[in-house]
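Undergrad: Here it is: the structure, laid out below.
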């Protein structure tokens, strides 16, 4: 069976438990592989992905198996196949294929993290501007109500933009490499 088909039928929450993770609460749990106690790891069942918000690590089912067990990518693929009681096609596990896949996954993860950092900087800048604008509008409050209402509306618009950026960041962080690559391609990025 092809690896993609195996992963598509895998429940990442069941993998979490099989790897020794504790019961998830609202799809969150501790990073048991590093002895974490707080629920810093979010598991996203629909995209079959996870994110450790303390270390900013994350990825798909194979990445979770790798980080929790220390296995290579090929061994993690075999583990997932065994977990699903299916055999993995031999041609899927060639060393060169895994090296290319690992390199692409690292590149995509770096790009994804860079985009998230950039969006957070924009969001923080917008919120800082809103605080300054709000303070200025409050100080100027007695000088004409029309200007004050325009200022308040401007602050509201900027805060809505900051909230939209937060939602986009959450969406990006929940994507696995395949989804991010598809988004990257649609937005005009290149596939390495």
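Undergrad: Which of the numbered conditions does residue 13 fail, given that it passes all the others? Conditions: (1) in contact with a helix residue (DSSP H, G or I) (Cβ under 8 Å, 6 or more places away or on another chain); (2) over 20 Å from residue 70 (Cβ atoms); (3) touching a residue at least 12 places away in the same chain (Cβ under 8 Å).
TA: (1)
Undergrad: For the range 35-49, name all the residues that are surrounded by 14 or more Cβ atoms within 10 Å (Cβ to Cβ) and at pLDDT 90 or above.
TA: 36, 39, 40, 41, 42, 43
Undergrad: Answer yes or no: is there a residue in the range 15-22 that is in a helix (DSSP H, G or I), closer than 20 Å to residue 85 by Cα and within 19 Å of the chain's Cα centre (by Cα). Working first, answer last.
TA: From the range 15-22, those in a helix (DSSP H, G or I) are 15-18; that's our starting set.
If we keep only those that are closer than 20 Å to residue 85 by Cα too, we end up with 15-18.
Next, from what is left, pick out any that are within 19 Å of the chain's Cα centre (by Cα): 15-16.
Taking every residue of the range 15-22 in turn, at least one turns out to be in a helix (DSSP H, G or I), closer than 20 Å to residue 85 by Cα and within 19 Å of the chain's Cα centre (by Cα).
Undergrad: So which of 77, 103, 68 ends up being buried (at least 19 other Cβ atoms within 10 Å of the Cβ), modelled with pLDDT under 90 and not in a strand (DSSP E or B)? Before you say what the answer is, go through the steps one by one.
TA: Values: 103 fails: buried (at least 19 other Cβ atoms within 10 Å of the Cβ); 68 fails: modelled with pLDDT under 90.
Testing whether each residue is buried (at least 19 other Cβ atoms within 10 Å of the Cβ), modelled with pLDDT under 90 and not in a strand (DSSP E or B) leaves just 77.
Undergrad: If you don't mind, another one. For residue 119, state whether it is surrounded by 12 or more Cβ atoms within 10 Å (Cβ to Cβ), under 35 Å from the mean Cα position of the chain (by Cα), modelled with pLDDT of 70 or more and farther than 24 Å from residue 183 by Cα.
TA: Numbers: surrounded by 12 or more Cβ atoms within 10 Å (Cβ to Cβ): yes; under 35 Å from the mean Cα position of the chain (by Cα): yes; modelled with pLDDT of 70 or more: yes; farther than 24 Å from residue 183 by Cα: no.
Taking the combined requirement at face value, the residue does not satisfy it.
Undergrad: Please find, among 60, 20, the residue that is in contact with a strand residue (DSSP E or B) (Cβ under 7 Å, 6 or more places away or on another chain) and either buried (at least 20 other Cβ atoms within 10 Å of the Cβ) or touching a residue at least 40 places away in the same chain (Cβ under 8 Å) (or both). Please lay out each step first, then the result.
TA: On the way: 20 fails: in contact with a strand residue (DSSP E or B) (Cβ under 7 Å, 6 or more places away or on another chain).
Residue meeting the stated conditions: 60.
Undergrad: Go through the range 28-52 and give me each residue that's farther than 13 Å from residue 172 by Cα and part of a loop (DSSP other than H, G, I, E, B).
TA: Of everything in the range 28-52, those that are farther than 13 Å from residue 172 by Cα and part of a loop (DSSP other than H, G, I, E, B) turn out to be 30, 31, 35, 36, 37, 38, 39, 40, 45, 46, 48.
The values are calculated or read from the model by the stated rules, or taken from the named source; none is laboratory data. Model, not experiment: these values are computed from the prediction. Glycine also receives a Cβ, built like all others from the backbone with ideal geometry; neighbour counts cover every protein chain displayed.
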